[in-house]
Amino acid sequence: MATGEQTVLQFAPTASSTTLSAKVHPLVVFNICDCYVRRPDQSERVIGTLLGSVLPDGTVDIRNSYAVPHNESSDQVALDIDYHHNMLLSHQKVNPKEVIVGWYSTGLGVSGGSALIHDFYAREVSNPVHLTVDTGFRMGAPAIKAYVSVNLSLGDIQLAAQFQEIPLDLRMIEAERIGFDILKTTMVDKLPSDLEGMEASMQRLLALIDDVYKYVDDVVQGETAPDNSVGRFISEVVASLPKLSPAVLDKLVNDNMQDHLLLLYLSSITRTQLSIAEKLNTAAQII
């Protein structure tokens with residue numbers, strides 16, 4: 001149980017706060033959104049622990065998370081500390097290198113209750129990161145921000161908890177981006193199959209290639225000012241492509257596509273076999 005009165009000051013990134021940065025994996029965002037959907041009816045937000053590590057360059061790498069039950073009012077917050085410690089022990093049995101790096105909450109920005117919760121995690125780990133996720137996507141895109149807290153005091157009297165926003169990097173591979181794009185939509189008819197996901201990726205790739213073509217043509221015609229860094233990047237990408245004839249490239253793509261279809265077929269057979277075995281086992285127990 002934590003009680004107290006603190007004024008929360010929320011600031012934009014400054015020169016002193018940009019020395020620390022964070023990197024969050026998409027799995028963490030998916031897990032937070034799933035916990036928010038499964039939250040109790042009386043809960044307005046979800047609170048949980050962030051797991052990961054601190055990279056050699058000082059970046060906080062957030063790789064996993066779990067929700068922590070809590071009760072919250074205007075002037076006090078009660079966390080289920082036993083549940084928190086049990087979940088931490090369970091996670092570290094699987095991933096012993098993952099440690100507490102901070103905590104998360106759903107919603108926009110920080111609040112007075114956030115300062116109380118941050119005090120608890122500050123006793124668990126030095127300089128914890130506070131991650132906020134707007135699960136409602138009210139701005140049309142996920143508002144995901146990271147903060148660190150600095151205590152403001154006058155002499156021996158603590159005045160407030162200053163939350164400073166730090167740079168946050170959200171990187172994902174193409175398969176994760178497909179799921180993330182679906183997550184941003186409020187309603188979907190069905191989840192895309194692997195082939196539909198590949199088709200969406202190819203369409204996005206073709207759109208990016210068209211943008212590069214248009215940029216190069218505009219630079220050549222003098223309609224756009226040239227950028228040396230962009231030109232070097234395009235040159236490196238073109239140079240990295242293997243020099244293959246169209247026939248060889250088509251054969252390579254078709255072979256990879258056949259391998260992919262074969263994996264889908266084998267996985268479908270495996271799921272069917274497991275389903276049949278489960279039904280036979282259930283029938284044998286009944287008999």
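The values are calculated or read from the model by the stated rules, or taken from the named source; none is laboratory data. None of these values were measured; they are calculated from a predicted model. In this analysis, Cβ positions are derived from the backbone assuming ideal geometry, glycine residues included, and neighbour counts consider all displayed protein chains. We work out accessible area using only protein heavy atoms, side chains counted, and drop any ligands, DNA or RNA first. Shrake-Rupley method; radii C 1.70, N 1.55, O 1.52, S 1.80 Å.
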| query | What's the FRET efficiency of LEU152 with VAL237 using the Cβ-Cβ distance as r and R₀ = 51 Å, to the nearest 0.05? | reply | 0.60
| message | For SER43, what accessible surface area do you get with a 1.4 Å probe? Give it in Å², rounded to 10. | response | 20
| said: Using the crude model of +1 on Lys and Arg Cβ and -1 on Asp and Glu Cβ, and no other charge, please compute the dipole size for the stretch 43-103 relative to its Cα centre, in debye to 20. | reply: 300
| request: Between SER43 and VAL94, take the C-beta separation as r, use R0 = 30 Å, and let me know the FRET efficiency to the nearest 0.05. | output: 0.65
| note | Under 5 Å from the placed amide H of VAL46, counting only residues 5+ away or on other chains, we find THR106
| Cβ-derived FRET efficiency at R0 35 Å, ASP169 paired with ILE269, nearest 0.05 | 0.30
| remark: Accessible-area order for THR270, THR106, largest to smallest, probe 1.4 angstrom, reads THR270, THR106
| task | Within the stretch 28-63, which residues have the backbone N less than 16 Å from the label spot 7 Å out from ASP134 along Cα→beta-carbon, could you tell me? | result | 33
